[in-house]
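*Asks:* Before I ask anything, here is the structure I am working with.
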């Protein structure tokens, strides 16, 4: 077994063919990875390891070294403890098959780089809890302070049937009734006003981003500074996937006015859900759920096999999903006093947050916080439009 590491864009061309052969997630699509590095300029560089056996690339570990912040995750509030240089192993960043033996070898090499001061910490993002690399990272020498950044979260997926009737039959009776009731109520209050758009051609993606921005600027995600944003990178990213035939953008309209959007990529046999938003004034109609049901009908007609709901465990993912697994973030730190203090602070916060999340009133607090963020975003959006 040989481990070859590539630290600049020119070196990466040596593994492009194998990368494209092994890639199976839009987050580590070659063109997307290259676009991100191009836009970041000198603030980020690639860190990619190719594992070879008998001169054949068996797997690739895709990451970036970039300026980062050590933040305390307090839900919707994330204060900063300090700046760091991080090696981020990306979501979906293990391309190909990795055995426990290979994972141990990879972590050994990564920890050597950490000891040499090439970066302050290693951040393995959203990796399955049962993945060999997770076990290898958490088994690293204690001097590197291996730890989970937060409690593992469920990652939900849905298997789609071969026809639309089977999709509806596969939902629970209660869920079917609720969706039909929502659609009926919406039609009663907005007669014959509901329509849907599907955008997937490269020439349409800029228009989709402009339409989606009309909705996104009103959402609680915008109030929190996260989620979709109609900027140059998002537009370019949509264009990259549209050129590959992978992009899907959906819009729900009432009387021709955009009220909800959803975007993602069909990659192989899977639709990867990415960004969504809806007009908070229509929250009681659950138009996001209505749009998602429509999307699934369209994907069934396309012959897509799975819907991957992405990161987080929102309630709608549990309602529509039929399979889940646990994912986690793993951290390791270079053995310095500063890093040890940061790691200890994060560990203490993680423990306190784990206890707090079990309290019965946390859900209500989060709901109020989201509503407040949506109100703030709506006010800012209105001011921007004046």
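The values are calculated or read from the model by the stated rules, or taken from the named source; none is laboratory data. What you see is a predicted model, and the numbers here were worked out from it, not measured in a lab. Here the Cβ is made from the backbone with ideal geometry for all residues, glycine too, and neighbour counts use every protein chain on show.
*Asks:* Regarding residue 362, is this residue in the same structural domain as residue 23 (by TED's automatic domain parsing), modelled with pLDDT under 80 and in contact with a helix residue (DSSP H, G or I) (Cβ under 9 Å, 6 or more places away or on another chain)? Walk me through it before giving the result.
*Replies:* Working: in the same structural domain as residue 23 (by TED's automatic domain parsing): yes; modelled with pLDDT under 80: yes; in contact with a helix residue (DSSP H, G or I) (Cβ under 9 Å, 6 or more places away or on another chain): yes.
Yes, satisfied.
*Asks:* Please determine whether any residue of the range 85-101 is under 24 Å from residue 267 (Cβ atoms), outside the structural domain of residue 237 (by TED's automatic domain parsing) and out of contact with any strand residue (DSSP E or B) (no Cβ under 9 Å at 6 or more places or on another chain). Spell out the reasoning first.
*Replies:* Within the range 85-101, the subset under 24 Å from residue 267 (Cβ atoms) is 88-98.
Among the residues that remain, those that are also outside the structural domain of residue 237 (by TED's automatic domain parsing) are: 88-98.
Subset that is out of contact with any strand residue (DSSP E or B) (no Cβ under 9 Å at 6 or more places or on another chain): none.
Checked the range 85-101: no residue is under 24 Å from residue 267 (Cβ atoms), outside the structural domain of residue 237 (by TED's automatic domain parsing) and out of contact with any strand residue (DSSP E or B) (no Cβ under 9 Å at 6 or more places or on another chain).
*Asks:* Then there's this: Out of the residues in the range 215-224 meeting the condition of being touching a helix residue (DSSP H, G or I) at 6+ places or on another chain (Cβ under 9 Å) and either at pLDDT 95 or above or part of a helix (DSSP H, G or I) (or both), tell me which one is surrounded by the most Cβ atoms within 10 Å (Cβ to Cβ).
*Replies:* If we take residues in the range 215-224 being touching a helix residue (DSSP H, G or I) at 6+ places or on another chain (Cβ under 9 Å) and either at pLDDT 95 or above or part of a helix (DSSP H, G or I) (or both), then 223 is surrounded by the most Cβ atoms within 10 Å (Cβ to Cβ).
*Asks:* In this structure, does residue 40 turn out to be exposed (fewer than 15 other Cβ atoms within 10 Å of the Cβ) and in contact with a strand residue (DSSP E or B) (Cβ under 9 Å, 6 or more places away or on another chain)? Lay out the reasoning, then the answer.
*Replies:* Working: exposed (fewer than 15 other Cβ atoms within 10 Å of the Cβ): yes; in contact with a strand residue (DSSP E or B) (Cβ under 9 Å, 6 or more places away or on another chain): yes.
Spelling it out, residue 40 is indeed exposed (fewer than 15 other Cβ atoms within 10 Å of the Cβ) and in contact with a strand residue (DSSP E or B) (Cβ under 9 Å, 6 or more places away or on another chain).
*Asks:* When you go through (1) within 20 Å of residue 288 (Cβ to Cβ); (2) touching a residue at least 24 places away in the same chain (Cβ under 8 Å) one by one for residue 114, which number turns out not to apply?
*Replies:* Of the numbered conditions (1) within 20 Å of residue 288 (Cβ to Cβ); (2) touching a residue at least 24 places away in the same chain (Cβ under 8 Å), the odd one out for residue 114 is (1).
*Asks:* For residue 75, indicate whether it is under 24 Å from residue 317 (Cβ atoms), at pLDDT below 95 and assigned by TED's automatic domain parsing to the domain that holds residue 25.
*Replies:* When the stated conditions are applied, residue 75 passes them.
*Asks:* Just checking, which of 109, 52 is part of a strand (DSSP E or B) and modelled with pLDDT of 95 or more?
*Replies:* Details: 109 fails: part of a strand (DSSP E or B).
Checking each option against the conditions leaves just 52.
*Asks:* Residues in the range 316-338 that are surrounded by fewer than 17 Cβ atoms within 10 Å (Cβ to Cβ) and assigned to a loop (DSSP other than H, G, I, E, B): how many?
*Replies:* 3
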